[in-house]
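See below for the structure under consideration.
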Amino acid sequence: AQKIKIVGSCRAFAAEQCLRKPEAFKQLIDRQQHLTVASADDIHQRLAAQLSDVENKEQLDTALRQFRNSEMLIIVWRDLNRLADMVETTASVSHLADACIQQTLAFHYQALVHSYGQPCALVNGEQTPQQMIILGMGKLGAFELNLSSDIDLIFCFPKAGETVGQKRALDNHTFFSRLGQRVIQSLDALTADGFVFRVDMRLRPYGDSGPLVQSFAAMEQYYQDQGRDWERYAMIKARVVTGPDQKAAELVALLRPFTYRRYIDFTDIDSLRSMERMIQQKLL
């Protein structure tokens, strides 16, 4: 009872969830989920079970938000009652974000494939299916999300091509742009159940003025020709959140020469000093 009082008084979010969904709070206590650390696989499986009966976008968005709220309640409970240290808390929020991104992407990908066919590219003379690769940047990339963090993402796909299998074909760029828009909407939109995670796409090539999604070739060209110093430093924390392992490794290898230069000169040192001064000025 004392711990319930502590959580309720310290976090408006926790108190609101307990009042709005008392049955969910009771279930949390009965199952004692708050007493153990949930692994990334645990969170992924729990979300998969929550989404097992979802048939449309509206149901998906509701289920995602309800799941996020229940999982965040566990994280807040453990944090405020000193059952978890900062490393566990930030990792748990990051694993929750990963699971929501991955399963939201999977749902909308299948829905678009049903309407427009499978996005493919010609590889060694054969039409090869293409998947979206999502890079987690900043705190998400480093498993450092706090309880109020937004998520910084970059969307890309391996190769240009078009969809196959339906009468109406789309080029891959259009297909994945629509997919990215749907993913953002499902995660970021504010509904009666709140939002899942606020999504920030400004770290992508060209920022807000650039395309929402780019092919690997376009990504490589951008960072080779126009990548700025701060983008290089940001890439140090980048992590592939979703996508086939082989293509994820290909993207990481493609970005490595930009992120980790072979040689460092005085220009790089001056750039680091300039960035440090900017950070210090903002802290004043």
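The residues in the stretch 207-238 that are closer than 18 Å to residue 138 by Cβ and either open to solvent by 40 Å² or more (accessible area, probe 1.4 Å) or in a helix (DSSP H, G or I) (or both) can be counted, and the count is 14.
Of the residues making up the stretch 63-81, those that are aromatic (Phe, Trp, Tyr) and either open to solvent by 10 Å² or more (accessible area, probe 1.4 Å) or farther than 16 Å from residue 42 by Cβ (or both) number 1. Can you confirm whether residue 180 is within 19 Å of the chain's Cα centre (by Cα), at positive phi and open to solvent by less than 60 Å² (accessible area, probe 1.4 Å)? No. Cβ-Cβ distances below 6 Å connect the following pairs, each with a first residue in the stretch 159-174 that is touching a residue at least 24 places away in the same chain (Cβ under 8 Å) and at positive phi, a second residue that is of a type in the set (Gly, Ala, Ser) and assigned to a loop (DSSP other than H, G, I, E, B), and a separation of six or more residues or different chains: 165/117. Of the residues 249, 238, 253, the single one that is of a type outside the set (Ser, Thr, Tyr) and in contact (Cβ under 8 Å) with a residue 60 or more places away in the chain is 238. For the stretch 168-176, does any single residue satisfy the condition of being surrounded by 14 or more Cβ atoms within 10 Å (Cβ to Cβ) and of a type in the set (A, V, I, L, M)? For the stretch 168-176, residues surrounded by 14 or more Cβ atoms within 10 Å (Cβ to Cβ) and of a type in the set (A, V, I, L, M): present. Scanning the stretch 239-260 for residues that are outside any helix (DSSP H, G or I), closer than 30 Å to residue 104 by Cβ and open to solvent by 50 Å² or more (accessible area, probe 1.4 Å) yields one hit, 244.
Criterion applied to 121, 106, 84 was being of a type in the set (A, V, I, L, M) and either open to solvent by 40 Å² or more (accessible area, probe 1.4 Å) or part of a helix (DSSP H, G or I) (or both), and the one residue passing it is 106.
Report the residue count in the stretch 261-284 for those that are assigned to a loop (DSSP other than H, G, I, E, B) and free of Cβ contacts under 8 Å to residues at least 24 places away in the same chain. It would help to see each step written out before you state the result.
First, pick out the residues of the stretch 261-284 that are assigned to a loop (DSSP other than H, G, I, E, B): 261-265, 284.
Next, only the ones that are free of Cβ contacts under 8 Å to residues at least 24 places away in the same chain stay: 262-265, 284.
Summing the residues that are assigned to a loop (DSSP other than H, G, I, E, B) and free of Cβ contacts under 8 Å to residues at least 24 places away in the same chain in the stretch 261-284 gives 5.
The values are calculated or read from the model by the stated rules, or taken from the named source; none is laboratory data. Since the model is a prediction, treat every value here as computed from it, not as a measurement. So basically every Cβ, Gly included, is an ideal-geometry build from the backbone, and we count neighbours across all protein chains shown. What goes into the accessible areas is simple: the full protein's heavy atoms, side chains included, and nothing from ligands, DNA or RNA. Shrake-Rupley method; radii C 1.70, N 1.55, O 1.52, S 1.80 Å.
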